[in-house]
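One structure is given here, and the rest of the page talks about it.
The values are calculated or read from the model by the stated rules, or taken from the named source; none is laboratory data. These figures come from a predicted structure and were not determined experimentally. Cβ placement follows ideal geometry from the backbone for every residue including glycine, while neighbour counts extend to all protein chains displayed.
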Amino acid sequence: MIGTTLGHYRITSQLGKGGMGEVYVVDDLNLNRKVALKFLPEAFADDPERMARFEREARLLASLNHPNISAIYGLEQAEGKRFHSKAIAGRYHS
């Protein structure tokens, strides 16, 4: 996925990967900032139960406001892929 564009996001690097998702650093081409996108692993993308959990996670995180929790910008879909867009800090911040 690195180097591709998904909607208005250009994927620049992978930040992490685990059992519950893959996170990428991207350039938000509309707002000229770096954000993170979290995707479900491909193996779970067609599982309605896993997708429902993924969406609940986004809603729960969006309801929280804490300096140690990354702010959720949105639950989005582009080119058939569902993902969270979220704030990113540290060395990746623009």
Restricting attention to segment 9-29, which residues are in a loop (DSSP other than H, G, I, E, B) and modelled with pLDDT of 95 or more?
29
Report whether or not residue 70 is hydroxyl-bearing (Ser, Thr, Tyr), within 10 Å of the chain's Cα centre (by Cα) and surrounded by 14 or more Cβ atoms within 10 Å (Cβ to Cβ).
no
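Quick one: is residue 13 hydroxyl-bearing (Ser, Thr, Tyr) and closer than 14 Å to residue 84 by Cα? Lay out the reasoning, then the answer.
Values: hydroxyl-bearing (Ser, Thr, Tyr): yes; closer than 14 Å to residue 84 by Cα: no.
When the stated conditions are applied, residue 13 does not pass them.
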Filter result (touching a Phe, Trp or Tyr at 6+ places or on another chain (Cβ under 6 Å) and at pLDDT below 90) within segment 30-51
40
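Can you name the residue in segment 41-55 that is outside any loop (DSSP other than H, G, I, E, B) and among the acidic types (Asp, Glu) and is also nearest to residue 24 (Cα to Cα) among such residues?
Kept after step one, since they are outside any loop (DSSP other than H, G, I, E, B), are these residues of segment 41-55: 42-44, 48-55.
With the extra rule that they be among the acidic types (Asp, Glu), the set shrinks to 42, 49, 55.
Values: 42: 14, 49: 23, 55: 18 Å.
Once the filter is applied, the top-ranked residue is 42.
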Has segment 44-51 got at least one residue that is out of contact with any Gly (no Cβ under 6 Å at 6 or more places or on another chain), among the hydrophobic types (A, V, I, L, M, F, W, C) and loosely packed, with under 12 Cβ neighbours inside 10 Å?
no
Return the residue satisfying two criteria in turn: it lies in segment 1-38 and is of a type in the set (Gly, Ala, Ser) and within 12 Å of the chain's Cα centre (by Cα), and of such residues it is surrounded by the most Cβ atoms within 10 Å (Cβ to Cβ).
36
